[in-house]
1. Taking only segment 94-109 into account, find how many residues are touching a strand residue (DSSP E or B) at 6+ places or on another chain (Cβ under 7 Å), closer than 18 Å to residue 31 by Cβ and of a type outside the set (D, E, K, R).
2. Any residue in segment 20-49 that is on the phi > 0 side of the Ramachandran plot and of a type in the set (S, T, N, Q) sitting within a Cβ distance under 8 Å of a residue that is at pLDDT 95 or above and part of a loop (DSSP other than H, G, I, E, B)? List the pairs, counting only those 6 or more apart or interchain.
3. Output the number of residues of segment 57-93 satisfying the condition of being closer than 23 Å to residue 37 by Cα, out of contact with any strand residue (DSSP E or B) (no Cβ under 9 Å at 6 or more places or on another chain) and open to solvent by 50 Å² or more (accessible area, probe 1.4 Å).
4. Could you check, for segment 99-109, whether at least one of its residues is assigned to a strand (DSSP E or B), in contact with a helix residue (DSSP H, G or I) (Cβ under 9 Å, 6 or more places away or on another chain) and open to solvent by less than 60 Å² (accessible area, probe 1.4 Å)?
5. Mind listing just one residue for me: the one in segment 1-38 that is at pLDDT 90 or above and not in a strand (DSSP E or B) and, of those, surrounded by the most Cβ atoms within 10 Å (Cβ to Cβ)?
6. Hey, can you tell me all the residues within segment 45-56 that are at pLDDT 90 or above and surrounded by 16 or more Cβ atoms within 10 Å (Cβ to Cβ)?
Amino acid sequence: GLCPLSPAGAQTTQLLVEPPWRPAVLWDWVTLTCQGSGWAGATTWYKDGQQWGQEGPDQFSVTESGTYMCDKHGTRLSLPMTVLDDPLVLQVPAQPLLEGDTVTLRCRR
């Protein structure tokens with residue numbers, strides 16, 4: 001998952017990915033989950049900058065490559081999550097990383 005920065009007091013929406021690697025790849029059976037403090041069941045999804053459904057589920061399995069974002073009513077738009085259809089990818093853990101952290105990379109095909 002990720003931890004977006006926001007102005008003090010602002011509500012945030014988090015877009016979590018499973019398995020927890022970035023960039024996500026389509027052949028890895030990717031599931032996206034939208035978390036926020038908005039009303040239950042009131043999730044709007046965006047794909048490649050365009051609204052992609054409304055009042056949808058909080059979680060779904062990705063079947064198309066693209067860049068996804070979500071919005072819970074009453075919160076801010078999430079940071080983008082890219083899902084690639086590449087046959088070979090170098091991935092990093094999806095959680096926030098700080099300078100000096102030890103990171104495990106994985107090269108997958």
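The values are calculated or read from the model by the stated rules, or taken from the named source; none is laboratory data. What you see is a predicted model; the values in this text were computed from it and never measured. Positions of Cβ are generated from backbone atoms using ideal geometry, with glycine treated the same way; all protein chains shown enter the neighbour counts. Accessible surface areas use protein heavy atoms only, side chains included; no ligands, DNA or RNA. Shrake-Rupley method; radii C 1.70, N 1.55, O 1.52, S 1.80 Å.
1. Total meeting the criteria: 1.
2. none
3. 2
4. Within segment 99-109, one or more residues are assigned to a strand (DSSP E or B), in contact with a helix residue (DSSP H, G or I) (Cβ under 9 Å, 6 or more places away or on another chain) and open to solvent by less than 60 Å² (accessible area, probe 1.4 Å).
5. 30
6. Of everything in segment 45-56, those that are at pLDDT 90 or above and surrounded by 16 or more Cβ atoms within 10 Å (Cβ to Cβ) turn out to be 45, 46, 47.
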